[in-house]
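K.L.:
There's a structure below that I have some questions on.
The values are calculated or read from the model by the stated rules, or taken from the named source; none is laboratory data. Just so it is clear, the model here is predicted, and its values are computed rather than measured. For neighbour counting, all protein chains shown are included, and Cβ atoms are generated from backbone atoms with ideal geometry for every residue, glycine included. SASA here: full protein model, heavy atoms, side chains in, ligands and nucleic acids out. Shrake-Rupley method; radii C 1.70, N 1.55, O 1.52, S 1.80 Å.
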Amino acid sequence: MKLIYNIDYSIAAAIFLSIFILFVVFSYDMKVRKNRGFLLLMVFILVADILDIVTAYTISNADTFPVVLNIILNEIYYLVLGALGYIFLRYSLSVATTYKEPREKGRVPLKTLYLILTFVYLGLLIINIPTGIMMSFRDGQYIHGPLYFVLFFYPYLEASFAFTRVIMRADEYKKRGKRALVWIYFAFCVSCAGIQLFVTPHTLISIFAVAIGLTFLLILMETPDYQGMMAAMEKLRETQHQLKEQADAAQ
């Protein structure tokens with residue numbers, strides 16, 4: 001089968017993420033909510049990376065594979081990309097334990113905003129099947145629709161919201177050095193996505209960049225002292241919940 005995409009970076013990312021996931025599973029306490037969120041984030045990125053590789057083959061051989069199969073695979077791929085933004089938000093909320101979203105009158109809560117954006121994205125993916133407004137296949141060719149860039153813009157928009165409104169307010173990032181490194185990580189991921197979209201569209205590097213970025217997050221956020229603090233806070237929340245239940249039962 002022919003291959004019009006360079007998938008070397010995606011293959012490297014799949015290997016790296018698989019090892020990374022095993023490392024996290026065996027090295028970190030999965031009873032801590034933040035750790036589970038980080039693991040879920042990595043798993044979804046790995047799934048997106050594998051789909052990236054698979055769709056690279058099916059798109060390259062669109063004249064061989066059924067159109068329906070190509071559409072389904074690509075719809076699932078972009079659905080996973082959209083889900084990544086929401087998962088990143090949830091992980092961000094677990095990281096920024098001291099962050100409280102302002103409750104201003106008339107202001108849409110962050111979670112509600114994300115749900116609305118997610119449903120809009122899902123609606124566009126559904127509408128795309130009969131209309132091809134985002135992507136379609138015709139005569140063995142992969143066709144970009146007028147809203148094609150929304151497929152990539154939306155997940156990064158979600159991640160940007162979570163990043164700027166939540167993660168940057170976490171106590172761990174109050175130090176300027178760490179904050180600068182996190183900004184560099186985010187700029188690196190966005191730059192690689194832009195390079196793939198506009199400069200080298202046949203070289204799949206965006207997910208590889210995200211995988212490298214996760215290493216930065218692990219180094220900056222997953223230190224032993226911070227892990228101990230998070231585990232203690234998790235146990236404290238469980239104890240408070242149990243005491244509340246006991247008090248309610250006694251009352």
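K.L.:
Is there a quick way to get the dipole size of segment 18-85? I mean about its Cα centre, with the Cβ of Lys and Arg at +1 and of Asp and Glu at -1; what is the value in debye to the nearest 20? Write down the numbers at each step before the final one.
P.N.:
On the way: 4 positive and 5 negative charges, 102 e Å.
Using Cβ point charges on Lys, Arg, Asp and Glu, segment 18-85 gives about 500 debye.
K.L.:
Set the Förster radius R0 to 30 Å, insert the Cβ-Cβ distance between K31 and K178 as r into 1/(1 + (r/R0)^6), and round the FRET efficiency to 0.05.
P.N.:
Numbers: r = 26 Å, r/R0 = 0.86.
Taking R0 as 30 Å, the efficiency between K31 and K178 is 0.70.
K.L.:
What is the extension gain from I19 to H144, computed as 0.36 nm multiplied by their sequence separation minus the C-alpha to C-alpha distance, in nm to one decimal? Kindly include the intermediate steps, with their values, before the conclusion.
P.N.:
Numbers: separation 125, 0.36 × 125 = 45.00 nm, distance 3.44 nm.
Between I19 and H144, full extension yields 41.6 nm more.
K.L.:
Shifting gears a bit: Roll a 1.4 angstrom probe over the protein heavy atoms and tell me the percent of accessible area of segment 1-78 that is carbon or sulfur.
P.N.:
Reported share for carbon and sulfur atoms: 73 percent.
K.L.:
Given a 1.4 Å probe, how much area per residue of segment 32-94 is accessible, in Å²?
P.N.:
Numbers: 2250 Å² over 63 residues.
Per residue, segment 32-94 has 36 Å² of solvent-accessible surface.
K.L.:
What ³J(HN,Hα) values, in whole Hz, does the Karplus curve 6.51 cos²θ - 1.76 cosθ + 1.60 give for segment 179-188 when θ = phi - 60°, with x put for Gly and Pro?
P.N.:
Each residue of segment 179-188 in turn: 4, 5, 5, 5, 5, 5, 4, 5, 4, 5 Hz.
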